[in-house]
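The values are calculated or read from the model by the stated rules, or taken from the named source; none is laboratory data. Since the structure is predicted, the reported quantities are computational estimates derived from the model, not experimental observations. A quick note on method: Cβ atoms are made from the backbone with ideal geometry, for glycine too, and the neighbour counts reach across all protein chains shown. Surface areas here come from the heavy atoms of the whole protein model, side chains and all, with no ligands, DNA or RNA. Shrake-Rupley method; radii C 1.70, N 1.55, O 1.52, S 1.80 Å.
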Amino acid sequence: MILWRKCWAVAKKDIWVYYKKGPILIFGILFPVFLFLAFAIGRDMPPDRLAPGLIGMALFFTASATTPTVFPFETRTGTLERLLAAPLDMKTLLIGDILAAFLFGIGLSAVPVFISLTFLGATLASAPVLIAAVIASALCFAVMGTLFSTPPTDDPASIMTLANLVRLPLIFFSGVFLPIRQMPEWGQVLSYFSPLTYTTETMRFALGQDTSIHPGAALAMIVVFLLVFWTISLALHKRNIAKRLLA
């Protein structure tokens with residue numbers, strides 16, 4: 001109970017300091033929407049076929065929007081030293097950061113879901129699968145965000161560059177804009193290494209569309225990615241903490 005109270009205190013700090021910023025809302029909502037429009041306009045494809053990709057992409061960007069920058073910012077301002085001296089251990093700090101990003105992703109995911117069901121003509125075929133996909137994916141992407149922040153630097157800009165170098169290419173071979181079976185063979189192979197692929201496939205099933213991966217297997221793969229990201233992130237943060245405090 002004490003651990004979760006500490007984690008919640010870290011999460012509330014993150015929500016208050018980082019998630020009430022306008023640029024975070026813009027990057028989390030407007031960027032996926034404009035990327036969606038840039039791809040959808042002029043194509044002979046029903047809008048509802050693109051709805052799963054819009055929801056998955058919005059979750060991907062909202063849940064991983066801020067966690068990459070929290071550690072660099074707090075290293076620069078000296079807040080990290082005070083938190084560690086509180087004392088809070090690395091696991092508590094990471095869980096708190098992930099909890100804030102998870103809640104942010106869950107909250108803002110309601111926007112693309114509403115747009116998809118109201119304006120794009122998508123049909124909800126399985127609410128439980130949709131809810132499970134949103135929860136598992138938001139948690140997975142929040143943990144992935146902490147992985148980007150493992151380099152021991154106090155420069156948020158360099159971390160965001162690293163994060164976008166990974167996140168932007170992932171969009172194009174994760175079945176967001178094109179079903180996996182319609183992608184070239186090399187793209188299909190790459191798609192299985194992206195967690196966003198499994199989110200998009202689960203969304204397609206929840207909205208009653210054809211899928212290339214069984215929704216149960218897709219959800220299981222999201223959990224596998226989550227556990228792998230968590231294990232690597234925690235290990236690298238612990239290894240780099242001494243270098244980070246000297247940055």
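Has segment 151-160 got at least one residue that is open to solvent by 60 Å² or more (accessible area, probe 1.4 Å), in a helix (DSSP H, G or I) and either touching a helix residue (DSSP H, G or I) at 6+ places or on another chain (Cβ under 8 Å) or at positive phi (or both)? Checked against the condition, which is being open to solvent by 60 Å² or more (accessible area, probe 1.4 Å), in a helix (DSSP H, G or I) and either touching a helix residue (DSSP H, G or I) at 6+ places or on another chain (Cβ under 8 Å) or at positive phi (or both), segment 151-160 yields no hits at all.
Residues in segment 189-247 that are among the small types (Gly, Ala, Ser), open to solvent by less than 30 Å² (accessible area, probe 1.4 Å) and assigned to a helix (DSSP H, G or I): Ser191, Ala206, Ala218, Ser233.
Just one residue in the set Pro195, Pro215, Pro184, Pro179 is within 20 Å of the chain's Cα centre (by Cα) and more than 24 Å from Gly145 (Cβ to Cβ); that residue is Pro215. Residue count for segment 95-129 under the criterion of being over 19 Å from Pro32 (Cα atoms) and touching a residue at least 60 places away in the same chain (Cβ under 8 Å): the result is 11.
Would you check if Asp44 is over 19 Å from Arg239 (Cα atoms), of a type in the set (Asp, Glu), in contact (Cβ under 8 Å) with a residue 40 or more places away in the chain and out of contact with any helix residue (DSSP H, G or I) (no Cβ under 6 Å at 6 or more places or on another chain)?
Numbers: over 19 Å from Arg239 (Cα atoms): yes; of a type in the set (Asp, Glu): yes; in contact (Cβ under 8 Å) with a residue 40 or more places away in the chain: no; out of contact with any helix residue (DSSP H, G or I) (no Cβ under 6 Å at 6 or more places or on another chain): yes.
In short, no.
Of the residues making up segment 104-137, those that are in a helix (DSSP H, G or I) and on the phi > 0 side of the Ramachandran plot number 0.
Residue-wise test of (1) at pLDDT 85 or above; (2) in contact with a helix residue (DSSP H, G or I) (Cβ under 6 Å, 6 or more places away or on another chain); (3) open to solvent by 20 Å² or more (accessible area, probe 1.4 Å).
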| position | (1), (2), (3) |
| --- | --- |
| Pro32 | no, yes, no |
| Leu37 | no, no, yes |
| Leu50 | no, yes, no |
| Phe61 | yes, yes, no |
| Val70 | yes, yes, no |
| Pro87 | no, no, yes |
| Ile95 | yes, yes, yes |
| Leu103 | yes, no, yes |
| Ala110 | yes, no, yes |
